[in-house]
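S.K.: Quick one: the structure is below, questions incoming.
The values are calculated or read from the model by the stated rules, or taken from the named source; none is laboratory data. Being a predicted model, the structure only gives us computed values, none of them experimental. In this analysis, Cβ positions are derived from the backbone assuming ideal geometry, glycine residues included, and neighbour counts consider all displayed protein chains.
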Amino acid sequence: MKRNKYLIALVAILAIVVAACGGDDGGSDTTEGGADTTAAPAGDLTIGFSWNNFNEERWSKFDEPAFVEAIEAGGATYIKADAGSSEAQQLTDVENLIAQGADVLVILAQNTEAILPAVESALSQGIPVIAYDRLIEHPEALYLTFDNIGVGRIMAEVLFEEVSSGNFAIIKGNGADANSDFLREGMEEVIGDAVTAGDIVIVCEEYTDDWLAEVAQTTMEQCLTQNNNDIQAALVENDGMAGGVVAALAGQGLDGEIPVTGQDGDAAALNRVALGTQLVSVWKDARILGEIAGEAALALGQGSALADIPDVIEFESPGGNTMITILLDPTPITLDNLNLVVDGGVISQEDLCQGVPAGTVEICG
């Protein structure tokens, strides 16, 4: 399941943890931002995770189990809160996790700007912060994610091979989430020249509140109406929204005729790929991200500086901050390689092939 370089990274992080536990000078260190990073035995660590919601299938099915397994293997205690898509609730959740004794905080932000006061509060109290999968504009937070510009690029590349001209719809994620713009940036690298040349016309481009499928469906329905169904492709930024877009297309009898992109490797999306109603789901193996985040949380709790976490790079954020980050590589899943998600245990063959006519897709028989 794991790529070799990430296995190496995990081993290296464990080495940091062991080294920190073995220190006998009783002293303390500080991060670049001045936070107290006194090492503590792994068994004494409490690691808090503030989740924005569990509406997306991957968080509870893949990310969280891998994260919990990693920190519990290191002897740490896991506490969590689910904000239910509420910015205000997430601020309260972070305060509560700190009150419960969290030594490290991992935050999947609902709103990456609104969460900043809570992040600054944690850091001022010497509590390391990991921005999980969504950028938080603070240079003292460790940013862990997949290469979202690369994800957008992959979506557009796969789509562009199928359709290189015509009217395109672009359905973006939440406007308050920097990932939406990262994905769009990657798309532009592929389709930009064709747009400039007039070969591709972007007839509608909208953000989608909270990445909600029903909002994406409404947006696509309006786009179809405004353009008399004259749309040749839909660049959609995640699988949940892709489901809404496909539903809108189905309402006009166009599902399977207009290629649709997505990401996350959701079970329903992978089934749509097999059915031919979604062209690609860019699979980000969330188990790797969850495990690396867990190991990084252990290391930070043991006193490691951000720059000492293996495989980190510097990343210049849209807000002008130099972030310390790890970017993981995604994998596009199409009709040609559906076996990867079955072999990887992401979905059963039965669920993948539900409703697929016999003989139309190799893995489905």
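S.K.: Tell me whether region 161-177 contains one or more residues that are of a type in the set (Ser, Thr, Tyr), at pLDDT 95 or above and either under 23 Å from residue 203 (Cβ atoms) or not assigned by TED's automatic domain parsing to the domain that holds residue 245 (or both). Don't jump to the end; show me each part of the working.
M.R.: First, the residues of region 161-177 that are of a type in the set (Ser, Thr, Tyr): 164-165.
Of the ones still in play, those that are also at pLDDT 95 or above are 164-165.
With either under 23 Å from residue 203 (Cβ atoms) or not assigned by TED's automatic domain parsing to the domain that holds residue 245 (or both) added as a condition, the list becomes 164-165.
Yes, that holds for at least one residue.
S.K.: Sticking with this one: So in region 245-267, with the set limited to residues that are assigned to a helix (DSSP H, G or I) and touching a residue at least 40 places away in the same chain (Cβ under 8 Å), which one is surrounded by the most Cβ atoms within 10 Å (Cβ to Cβ)?
M.R.: The first filter runs over region 245-267 and keeps only residues assigned to a helix (DSSP H, G or I), leaving 245-250, 267.
Still in the list and also touching a residue at least 40 places away in the same chain (Cβ under 8 Å): 245, 267.
Working: 245: 30, 267: 19.
That would be 245.
S.K.: Is it the case, given these coordinates, that residue 220 is buried (at least 20 other Cβ atoms within 10 Å of the Cβ), part of a helix (DSSP H, G or I), without any contact (Cβ under 8 Å) to a residue 60 or more places away in the chain and not aromatic (Phe, Trp, Tyr)? Before the answer, list the steps.
M.R.: Working: buried (at least 20 other Cβ atoms within 10 Å of the Cβ): yes; part of a helix (DSSP H, G or I): yes; without any contact (Cβ under 8 Å) to a residue 60 or more places away in the chain: yes; not aromatic (Phe, Trp, Tyr): yes.
So residue 220 passes the test.
S.K.: Restricting attention to region 311-325, which residues are under 15 Å from residue 179 (Cβ atoms) and either touching a strand residue (DSSP E or B) at 6+ places or on another chain (Cβ under 6 Å) or of a type in the set (Val, Ile, Thr) (or both)?
M.R.: Of region 311-325, the ones under 15 Å from residue 179 (Cβ atoms) are 315, 317-319, 323, 325.
Within region 311-325, 315, 317, 323, 325 qualify.
S.K.: Let me ask something additional. Considering only residues that are of a type in the set (S, T, N, Q) and more than 21 Å from residue 62 (Cα to Cα), which ones fall in region 326-355?
M.R.: 354
S.K.: Identify, from the list 66, 76, 114, 102, the residue that is in contact (Cβ under 8 Å) with a residue 24 or more places away in the chain, of a type in the set (Gly, Ala, Ser) and within 24 Å of residue 176 (Cα to Cα). Can you show your working first?
M.R.: Numbers: 66 fails: within 24 Å of residue 176 (Cα to Cα); 76 fails: within 24 Å of residue 176 (Cα to Cα); 102 fails: within 24 Å of residue 176 (Cα to Cα).
Matching residue, one of 66, 76, 114, 102: 114.
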